[in-house]
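Enquirer: The structure follows.
The values are calculated or read from the model by the stated rules, or taken from the named source; none is laboratory data. Fair warning: this is a prediction, and the values are worked out from it, not measured in the lab. Every residue, glycine as well, gets a Cβ built from its backbone with ideal geometry; the counts of neighbours run over all protein chains shown. Just the protein is used for accessible areas: all its heavy atoms, side chains included, with ligands, DNA and RNA removed. Shrake-Rupley method; radii C 1.70, N 1.55, O 1.52, S 1.80 Å.
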Amino acid sequence: MANKTNDRPRLTAKGERVRARIVEGAAALIHERGVAGTTLEDVKGAAEVSGSQLYHYFPDKNELVQAVIDYQADTLVDHNRQALGSEDGVAAWRNMLIAGVLHGQARGGCPLGSLGGQLAESDPEARALIASGFERWSTAISEGLSSLHADGKLAPGIDPDALATTMLATLQGGLLLAQVQRSTRPFETAIDTVLALAIRT
């Protein structure tokens, strides 16, 4: 898939900051209101930029949505890598996930998964970006589990890549249940059950 931003001049440091502010503002609005419920006018106000600034970085809404997908995927991957790479490893990762639900993700669902639900059947480019984001997220989880595997702390026969896919599917289902039930309990139960089955203590 061609990346339209590759043909554009490199941004200055100030330009990078303005673009990042636009994307972050758009990401927050889209997570709260959905893609269809978020207009470029809404984004302009949230990011505190002029119309000319907004259109300079994002000539149309599709490009902005694609940037939001990349932003959400990057954020999820970074947070997962940091938690799994910490001294507490899986325990820190589990606690980070629960904290994320407690601090509002239950209301909007998964930032990446909700975009998939909205766009996968109507926007092939967006679907491909979301699929790539999930793949990177799964890889980050697998990398975090690899040290457990090397130390013999995974249950016999469990492959880190397969467990990462299972965990990601569990996260998505748990987040959906948390969103509709307005409770972290199903999410916590799902995560804790898979970890208890897969990891030796």
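Enquirer: Hey, any hits in segment 44-58 for a residue that's over 20 Å from Leu11 (Cα atoms), crowded, with 18+ Cβ neighbours inside 10 Å, out of contact with any strand residue (DSSP E or B) (no Cβ under 8 Å at 6 or more places or on another chain) and among the aromatic types (Phe, Trp, Tyr)?
Expert: no
Enquirer: Could you identify the single residue in Leu76, Leu102 that is crowded, with 18+ Cβ neighbours inside 10 Å and in a helix (DSSP H, G or I)?
Expert: Details: Leu102 fails: crowded, with 18+ Cβ neighbours inside 10 Å.
Within the list Leu76, Leu102, the selection yields Leu76.
Enquirer: Select from segment 105-120 the residues that are open to solvent by 30 Å² or more (accessible area, probe 1.4 Å) and without any contact (Cβ under 8 Å) to a residue 60 or more places away in the chain and list them in ascending order.
Expert: Gly117, Ala120
Enquirer: Scan (1) within 23 Å of Val68 (Cβ to Cβ); (2) in contact (Cβ under 8 Å) with a residue 60 or more places away in the chain; (3) open to solvent by 10 Å² or more (accessible area, probe 1.4 Å) for the single condition Glu143 breaks and write down its number.
Expert: (1) is the only condition that Glu143 fails.
Enquirer: Return only the number of the condition from (1) open to solvent by 20 Å² or more (accessible area, probe 1.4 Å); (2) at pLDDT 95 or above; (3) part of a loop (DSSP other than H, G, I, E, B) that Pro9 does not satisfy.
Expert: Condition (2) is where Pro9 drops out.
Enquirer: Tally the residues that are touching a residue at least 24 places away in the same chain (Cβ under 8 Å) and either within 18 Å of Leu84 (Cα to Cα) or open to solvent by 70 Å² or more (accessible area, probe 1.4 Å) (or both), restricting the search to segment 173-200.
Expert: 11
Enquirer: Now for a separate question. Across segment 55-77, what is the total count of residues that are of a type in the set (A, V, I, L, M) and under 11 Å from Leu129 (Cα atoms)? Outline the logic, then answer.
Expert: Of all residues in segment 55-77, those of a type in the set (A, V, I, L, M) come to 64-65, 67-69, 73, 76-77.
Retained after the next criterion (residues that are under 11 Å from Leu129 (Cα atoms)): 65, 67-69, 73.
Result for segment 55-77: 5.
Enquirer: Can you tell me which residue among Leu148, Leu197 is among the hydrophobic types (A, V, I, L, M, F, W, C), in contact with a strand residue (DSSP E or B) (Cβ under 8 Å, 6 or more places away or on another chain) and closer than 20 Å to Gly89 by Cβ?
Expert: Answer to the selection: Leu148.
Enquirer: Residue check: is Asp123 open to solvent by less than 70 Å² (accessible area, probe 1.4 Å) and acidic (Asp, Glu)? Full working, then the answer.
Expert: Values: open to solvent by less than 70 Å² (accessible area, probe 1.4 Å): yes; acidic (Asp, Glu): yes.
Here the answer is yes, as Asp123 does meet what is asked.
Enquirer: Are any of the residues in segment 102-113 of a type in the set (D, E, K, R), over 13 Å from Ile199 (Cβ atoms) and out of contact with any Lys or Arg (no Cβ under 9 Å at 6 or more places or on another chain)? Walk me through it before giving the result.
Expert: Taking segment 102-113 as the starting set, the residues that turn out to be of a type in the set (D, E, K, R) are 107.
Applying the additional criterion that residues be over 13 Å from Ile199 (Cβ atoms) yields 107.
Retained after the next criterion (residues that are out of contact with any Lys or Arg (no Cβ under 9 Å at 6 or more places or on another chain)): none.
Checking segment 102-113: not a single residue is of a type in the set (D, E, K, R), over 13 Å from Ile199 (Cβ atoms) and out of contact with any Lys or Arg (no Cβ under 9 Å at 6 or more places or on another chain).
Enquirer: When the residues of segment 62-98 are narrowed to those that are small (Gly, Ala, Ser) and under 15 Å from the mean Cα position of the chain (by Cα), which ends up farthest from Thr139 (Cα to Cα)?
Expert: Initially, segment 62-98 is screened for residues small (Gly, Ala, Ser), giving 67, 73, 83, 85-86, 89, 91-92.
Cutting the leftovers down to under 15 Å from the mean Cα position of the chain (by Cα) gives us 67, 73, 83.
On the way: Ala67: 21, Ala73: 12, Ala83: 14 Å.
Across segment 62-98, the extreme among qualifying residues is Ala67.
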